[in-house]
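A quick write-up on the structure given underneath.
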Amino acid sequence: MGAPEQAEFLTGELDALTEAMEPWADSRGMVNFLSVQEATDPERLSEVHGAERHRRLTAAEKAYDPAGMFRVNHNIPPG
């Protein structure tokens, strides 16, 4: 992870890479290429994972980690 002062530069680089890869991209995107804001947005995560997979992930999170203890990076809040 970069230093906070690198965030704007890194975001620009990620945007450039995403744009360059557009011809081969899946319309949902990839979890590994989400920005910090997208990775913490439940709606965006649902879009990337797909509705059914996201439903299963939130159900598993609710069953096995209802307090959200394991919440690093692309957190799936308990359903």
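Brief remarks follow.
- PRO77 being free of Cβ contacts under 8 Å to residues at least 60 places away in the same chain, assigned to a loop (DSSP other than H, G, I, E, B), touching a Gly at 6+ places or on another chain (Cβ under 7 Å) and of a type outside the set (Asp, Glu): yes
- Being in contact with a helix residue (DSSP H, G or I) (Cβ under 8 Å, 6 or more places away or on another chain) and under 28 Å from PRO77 (Cα atoms) holds for only one residue in SER27, SER35, and it is SER35.
- Within the stretch 1-48, the set of residues being part of a helix (DSSP H, G or I), among the acidic types (Asp, Glu) and either touching a residue at least 24 places away in the same chain (Cβ under 8 Å) or loosely packed, with under 14 Cβ neighbours inside 10 Å (or both) comprises GLU5, GLU8, GLU13, ASP15, GLU19, GLU22, GLU43.
- Just one of the listed residues (ALA67, ALA63) is assigned to a helix (DSSP H, G or I), farther than 26 Å from LEU17 by Cα and of a type in the set (A, V, I, L, M, F, W, C), namely ALA63.
The numbers here are math on the coordinates, done by the rules we state, and not lab data. None of these values were measured; they are calculated from a predicted model. Every residue, glycine as well, gets a Cβ built from its backbone with ideal geometry; the counts of neighbours run over all protein chains shown.
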